[in-house]
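Please treat every number below as a calculation from the coordinates, not as lab data. Predicted, not measured: the structure shown is a model, and the values here were computed from it. Every residue, glycine among them, receives a Cβ derived from its backbone with ideal geometry; neighbour counts consider all protein chains shown.
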Amino acid sequence: MANVLIRNVSDSALKIIKRKAKKNNRSIQAELKQLIEESVRLGTVDFLEEAKQFRERLKGRVHSDSSRLIAEDRRR
């Protein structure tokens, strides 16, 4: 795993992170790691939700078979 150094965190932000860490019975480092990982997962959730909405908008449309076009493109 990689190490990350974050400089110049505001006093107010650090205070909030310390409070959250204490509430969750974690170290500051563990709390920050959790916050980062949750943020990444939320990005994935957002993407999956957008993909679901996109599929809903396309529902009922007739789409052509693109395999012929892909095969032609690969021969080039």
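Quick notes
- Per-residue [θ]222 nm for the chain (sum of -39500 (n - 2.57) over DSSP H runs n ≥ 4, rounded to 500): -23500 deg cm²/dmol
- Per-peptide average of other Cβ atoms within 10 Å, ordering 63-74, 2-13, 24-35 highest first: 24-35, 63-74, 2-13
- Relative to the dominant Cα principal axis of the chain, helix 28-58 is inclined by about 20°.
- Hits among lysines - C-alpha to C-alpha of residue 18 under 20 Å, sequence gap 8 or more where chains match: 33
- Residues residue 33 and residue 53, FRET efficiency given R0 of 35 Å [Cβ-Cβ distance, rounded to 0.05]: 0.70
- Computed over the alpha carbons of the chain, Rg followed by Dmax gives 22.4, 60 Å.
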